[in-house]
Amino acid sequence: MRRLSVALVFILAFSAVSLGETPEKITACRLKNAAAAYRHKLVEIEGFISHGFENFTFFDPNCPYSPMIWLEYGGTRLSGTIYCCGPSNAKTRPKGLVVEGVKIPLANDEQFRRLDRLIHGTADTVVHATLVGRFFPGRRERIGGKSGNFGGYGHMGCCSLLAIQQVISVDPHDRGDLDYRASPDQLDLDKLKCGTYQGLGSVPSARATFDIQHRAEAGENAWVLDDPRKVATNFLSQNLLIDEKEIADVETKSQGRVVYEWRPPGRPETYMVVVSRPYWLSFYAADQSKVAWVVIAAHKACGD
């Protein structure tokens, strides 16, 4: 009898999450390109979650950057994401989530708890998952009398919203050679005793990163697969129009990431190049054990 009661509770809980609906399986690209058509729709979607300070978003590197998709847990759970102008870092809410008059339940099961542990395991991270959620495109901006992107949810109203009802699957972070972080390192201006910095050059877009990976697999610049220092010095030499041999850097290593800092002799400026072996790129590699090193940030500080 006890087993029957437990099973019944599980069935009722799952029914409450699904609300009797079958979610439509959809790609992130389709959801972004036809946002208005999916207003209030229950969807199942696979892709990448990016979480950190002022960031809890869903992305697919194959898709356009905008409109961005913000995430939030359904039910009485909160993600604990700090952003403007939303909740604090609290992990629960007193009542279940309601968005635009629609109640959003949550399957608080092991898959959900696994996701929650991963996004809070470090200051920022990227997770690969399949989610079921209710989509809210928000309101469309008007720019110069023309229709812009949807938004109104998330940090500073940046995004559309996918309210999570169920986590179908979550991939583990089980490789020591990949970069699972969501944001690049920044220059320590206090250490440099310098108050300003600026971006250096143009770091590769997702599309350009795909090209770097595929060209390396075909034998072109194959050193990007195993030589992060050359990736950094090549970037600096191209942007500063100098010989790579002139660069004597100081490196700081972490999992799947190397940060190079260089100060030219007799000059006030300092350069930083952050080189990463991105976790998400492994999903698009012909051999997942061979993922390219790419520049994800580059800065110049203390110079004119």
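The values are calculated or read from the model by the stated rules, or taken from the named source; none is laboratory data. Since this is a predicted model, take the numbers as computed values, not measurements. No Cβ is skipped: glycine too gets one built from the backbone with ideal geometry, and neighbour counts run over all protein chains shown. Heads up: the accessible areas ignore ligands, DNA and RNA and are worked out on the full protein's heavy atoms, side chains in. Shrake-Rupley method; radii C 1.70, N 1.55, O 1.52, S 1.80 Å.
Just a few scattered comments:
- Here the stretch 75-102 and the stretch 221-236 have alpha carbon centers that stand 43 Å from each other.
- Taking the convex hull of Cα positions in the stretch 57-119, its mean projected area over all directions (nm²): 5.5 nm²
- Computed over protein heavy atoms with a 1.4 Å probe, the carbon and sulfur contribution to the accessible area of the stretch 133-277 reaches 48%.
- Karplus-derived 3J(HN,Hα) values for the stretch 250-258, using 6.51 cos²θ - 1.76 cosθ + 1.60 with θ = phi - 60°, are 10, 10, 10, 9, 9, 4, x, 8, 9 Hz; glycine and proline are entered as x.
- Table column - 3J(HN,Hα) (Hz), the stretch 114-124, Karplus curve with 6.51, -1.76, 1.60, x for Gly and Pro: 5, 4, 4, 5, 5, 6, 9, x, 9, 4, 8
- Net charge of Cβ neighbours under 13 Å - reference V132; Lys, Arg +1; Asp, Glu -1: -2
- Overall shape of the chain was characterised from the C-alpha gyration tensor. The equivalent ellipsoid obtained from it has semi-axes of 40, 22, 19 Å, in decreasing order.
- Computed Kirkwood radius, in angstrom, where 1/r is averaged over Cα pairs of the stretch 109-239: 19.2 Å
- Cross-link partners of K300 among aspartates and glutamates, defined as those whose alpha carbon lies under 20 angstrom from its own and excluding same-chain residues fewer than eight positions apart: D185, D188, D190, D243, E244, E246, D249, E251, E261, E269.
- A straight Cα-to-Cα reach below 20 Å connects K95 with the lysines K103, residues fewer than 8 places away in its own chain not being considered.
- Helix axis angle, 228-240 relative to the chain longest principal axis, alpha carbon, degrees: 70 degrees
- Whole-angstrom Cα spans of the stretch 42-164 along principal axes, big to small: 47, 32, 26
- Between the C-alpha center of the stretch 30-54 and that of the stretch 105-135 there is a gap of 14 Å.
- Subset of K91/K290; K193/K245; K41/K290 violating a 30 Å alpha-carbon distance limit: K91/K290; K41/K290
- Expressed as a fraction of 2.2 N^0.38 Å, the C-alpha radius of gyration for the stretch 151-304 is 1.19.
- Residue-normalised accessible area of the stretch 168-282, expressed per residue, 1.4 Å probe, Å²: 54 Å²
- Nearest-ten-degree value, helix 2-18 long axis tilted from longest Cα axis of the chain: 70 degrees
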